[in-house]
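Below you'll find the structure, written out as structure tokens, and then a few comments.
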Amino acid sequence: MQKNIRSVLVTGASGFLGSHICEALHEAGYRVHALVRSTSSRRWISHSWLRIHVAELSDRVALSRILCGVDAVVHAAGALWGDYHSINTDITQTIAEESVRAGIKKFIYVSSIAAGGPSNGPVQRDGNEPDAPCTLYGISKKDAERFLTGLSKDIDIVILRYPMIYGPRDTQGLRLFKTFNIFINPSVGVRHRFISVVYVKDAARTVVAAIESEVKSGSIYNISDGSNNTFNELYRIIGQVWHRWALRIPVPFALIMFGAWFISKVLKAKTAFNPEQLEMFSKRYWLISPRRANLELGWRPRTEIYKGVRETLDWYKEMKWL
């Protein structure tokens with residue numbers, strides 16, 4: 001435990017990653033506070049050791065009161081769709097400004113690979129390349145990062161960029177598993193698309209490592225398990241672990257875009273992927289290297305992908321999601 005940090009506030013605590021972050025902090029010996037909205041589910045955060053605060057993230061008065069009782073903040077709340085700028089950028093600014101006023105010792109920002117943009121070819125981005133976000137979501141996360149680095153002299157800030165996170169409680173990744181129920185693995189586009197991934201419990205441990213590290217304020221770290229994967233490889237691993245088979249069917253990207261447009265605009269129905277996710281899928285390479293995080297944060301993934309997929313599959317079955 002960081003000697004001058006004993007209590008940590010986690011925003012977005014009721015979510016997939018946020019709930020695991022709370023558990024990782026508790027296991028590391030911290031007193032954990034969760035900031036949630038009144039409409040947030042408590043399904044994953046009904047722990048006796050977790051102190052829950054209910055407030056809107058934009059409520060400066062409530063934030064000021066809550067922040068007075070903690071030493072560090074992990075800002076994991078964000079929007080994957082909708083009004084990206086107001087939630088991912090403006091809310092981050094509000095929480096960071098109130099954290100400075102409250103004398104918070106450390107501020108950990110949960111960012112995304114999207115803030116850096118795709119890699120050029122099958123080579124992992126190591127953090128030395130110029131950032132080039134290509135989606136509104138990525139731009140909103142990058143804008144938040146830019147604001148935070150501007151505060152790096154006023155508060156100790158660490159920014160963590162995550163790729164695709166998978167594991168127990170993940171509803172997005174569940175879609176990959178469910179395709180085996182219909183024996184069809186639809187593949188986006190004809191050509192392979194490469195992605196970095198990280199198991200959720202490993203991702204949560206990076207927050208603990210960031211809190212306990214003595215790194216330069218404003219530092220940005222890429223987080224992944226270090227492997228390069230295609231969606232076809234992910235399907236293959238799921239099939240091997242589950243002992244199931246499915247037919248891979250490549251679907252031209254233009255057809256997927258048209259289908260998503262038709263469903264959302266003409267039929268007024270919900271699509272499996274929002275336009276931002278489809279825009280990300282249009283890029284073939286989303287690869288990042290965790291080397292700096294390994295060296296400077298002292299963090300390394302403990303879960304290789306076969307083990308992670310097995311634990312995820314077992315959890316889905318236990319919860320009757322599959």
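Read-outs: derived from the displayed coordinates by stated rules, not from any lab. Just so it is clear, the model here is predicted, and its values are computed rather than measured. Cβ atoms come from the backbone with ideal geometry, glycine included; neighbour counts cover every protein chain shown.
When every alpha-carbon pair in region 101-192 is counted, what percent end up more than 15 Å apart? Numbers along the way, then the final one.
Numbers: 3007 of 4186 pairs.
Counting pairs separated by more than 15 Å, the tail of P(r) holds 72 percent.
Taking region 182-322 on its own, what percent of its Cα-Cα pair distances exceed 24 Å?
Values: 4670 of 9870 pairs.
When every Cα pair of region 182-322 is considered, 47 percent fall beyond 24 Å.
Considering only the other residues whose Cβ falls under 14 Å of the Cβ of Ile184, what net charge follows from Lys and Arg at +1 and Asp and Glu at -1?
Working: positive: Arg175, Lys178, Arg244, Arg248; negative: none.
Result for the neighbourhood of Ile184: +4.
Tell me whether region 48-130 comes out rounded, prolate or oblate; compute the Cα gyration tensor, take square roots of the eigenvalues as a ≥ b ≥ c, and use a/c under 1.5 as the rounded threshold. Let's see the in-between values first.
On the way: a/c = 2.36, a/b = 1.98, b/c = 1.19.
Judged from the Cα gyration tensor, region 48-130 comes out prolate (a/c at least 1.5, a/b above b/c).
Which one, Phe107, Phe262, Phe177, has the greatest fluctuation when you compute a Gaussian network model over the chain with C-alpha springs under 10 angstrom?
Phe262
When DSSP assigns beta bridges and you keep just the ones with both residues in the chain, what percent turn out antiparallel, to the nearest 5? Display every interim value, and only then the final one.
Values: 2 of 41 bridges.
Here the share of antiparallel DSSP bridges comes out near 5 percent.
Return the Rg/Rh ratio of the chain with Cα-based radii and a Kirkwood Rh. Before the final figure, lay out each step's value.
Values: Rg = 19.5 Å, Rh = 20.3 Å.
In the chain, Rg relative to Rh is 0.96.
Say a paramagnetic label sat at a point 7 Å from the Cα of Arg302, along Cα to Cβ; which residues of region 154-195 have their backbone N under 17 Å from it?
Only 166-168 pass the distance filter.
Among Pro168, Pro252, Pro186, determine the one that fluctuates most according to a GNM of the chain built with springs between C-alpha atoms less than 10 Å apart.
Pro252
How are the alpha carbon pair distances in region 1-144 distributed across 10 Å bins from zero to the largest one, expressed in percent?
It works out to 11, 39, 33, 15, 2, in whole percents.
What's the magnitude of the charge dipole for region 198-322 around its Cα centre, counting Lys and Arg as +1 and Asp and Glu as -1 at the beta-carbon? Answer in Debye, nearest 20. Numbers along the way, then the final one.
Details: 19 positive and 12 negative charges, 81 e Å.
The dipole of region 198-322 has a size of about 380 debye.
Exactly which trypsin sites (Lys or Arg not before Pro) in region 123-185 are in a DSSP loop and have at most 13 other Cβ atoms within 10 Å?
Values: sites: Arg125, Lys141, Lys142, Arg146, Lys153, Arg161, Arg169, Arg175, Lys178; in loops: Lys153, Arg169.
Here the trypsin sites (Lys or Arg not before Pro) that fit, given the DSSP loop and packing criteria, are Lys153.
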